[in-house]
1. Give me a count of the residues in the range 13-30 that are surrounded by 17 or more Cβ atoms within 10 Å (Cβ to Cβ) and assigned to a strand (DSSP E or B).
2. Of all residues in the range 52-66 being not hydroxyl-bearing (Ser, Thr, Tyr) and not in a loop (DSSP other than H, G, I, E, B), which is farthest from Phe3 (Cα to Cα)?
3. Within the range 2-11, identify whether any single residue is among the acidic types (Asp, Glu), part of a loop (DSSP other than H, G, I, E, B), touching a strand residue (DSSP E or B) at 6+ places or on another chain (Cβ under 9 Å) and surrounded by 14 or more Cβ atoms within 10 Å (Cβ to Cβ), and answer yes or no.
4. Given the criteria of a type outside the set (A, V, I, L, M, F, W, C) and at positive phi, does Gly46 qualify?
5. Out of all the residues in the range 45-63, is one or more among the basic types (Lys, Arg) and touching an Asp or Glu at 6+ places or on another chain (Cβ under 8 Å)?
6. Could you count how many residues in the range 31-51 are surrounded by 19 or more Cβ atoms within 10 Å (Cβ to Cβ), out of contact with any Ser or Thr (no Cβ under 7 Å at 6 or more places or on another chain) and part of a strand (DSSP E or B)?
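FYI, it's all coordinate maths here, none of it is from the lab. If you're wondering where the values come from, they're calculated on a predicted model, not measured in any experiment. Cβ coordinates were reconstructed from backbone atoms using ideal geometry, including for glycine residues, and neighbour counts include every protein chain displayed.
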Amino acid sequence: MEFLPWHNGGGILHRAASVDPTAVVEPGAVVHSGSVLGREVVVGSGAVVGPSVSIGHSTRIGYADS
């Protein structure tokens, strides 16, 4: 199994992603391999963080955000 549920929010992330423990990955969100999520990042439900994407601290992204 390459994708696992994230303990903080219920979304899923790839084993090869680097996620700060304060980051929230909401249900329905996916974080792909090689991605980096900084502290206090929120990945909203339905959002997909592609491979090798970095998201800096205190950023919120979501399906409807642009």
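1. Our first condition is that a residue be surrounded by 17 or more Cβ atoms within 10 Å (Cβ to Cβ); within the range 13-30, this holds for 13-14, 17, 19, 23-26, 29-30.
Next, only the ones that are assigned to a strand (DSSP E or B) stay: 13-14, 19, 24-25, 30.
Counting residues in the range 13-30 that are surrounded by 17 or more Cβ atoms within 10 Å (Cβ to Cβ) and assigned to a strand (DSSP E or B) gives 6.
2. Quick first cut of the range 52-66, residues not hydroxyl-bearing (Ser, Thr, Tyr) only: 53, 55-57, 60-62, 64-65.
Narrowing the set further to residues that are not in a loop (DSSP other than H, G, I, E, B) leaves 55, 60-61.
Values: Ile55: 19, Arg60: 21, Ile61: 20 Å.
The residue in question is Arg60.
3. As a first pass, look at the range 2-11 and keep what is among the acidic types (Asp, Glu): 2.
So of that shortlist, the ones also part of a loop (DSSP other than H, G, I, E, B) come out as 2.
Then drop every residue that is not touching a strand residue (DSSP E or B) at 6+ places or on another chain (Cβ under 9 Å), which leaves 2.
Add one more test, that the residue is surrounded by 14 or more Cβ atoms within 10 Å (Cβ to Cβ), and what stays is none.
No.
4. Numbers: of a type outside the set (A, V, I, L, M, F, W, C): yes; at positive phi: yes.
Here the answer is yes, as Gly46 does meet what is asked.
5. Step one: filter the range 45-63 for residues among the basic types (Lys, Arg), giving 60.
Still in the running and touching an Asp or Glu at 6+ places or on another chain (Cβ under 8 Å): none.
No, there is no match, as no residue in the range 45-63 is among the basic types (Lys, Arg) and touching an Asp or Glu at 6+ places or on another chain (Cβ under 8 Å).
6. Narrowing the range 31-51 to residues surrounded by 19 or more Cβ atoms within 10 Å (Cβ to Cβ): 31, 35, 37, 41-44, 47, 49.
Narrowing the set further to residues that are out of contact with any Ser or Thr (no Cβ under 7 Å at 6 or more places or on another chain) leaves 31, 37, 42-44, 47.
Then keep just the ones that are part of a strand (DSSP E or B); that gives 31, 37, 42-43.
Residues that pass the stated criteria total 4.
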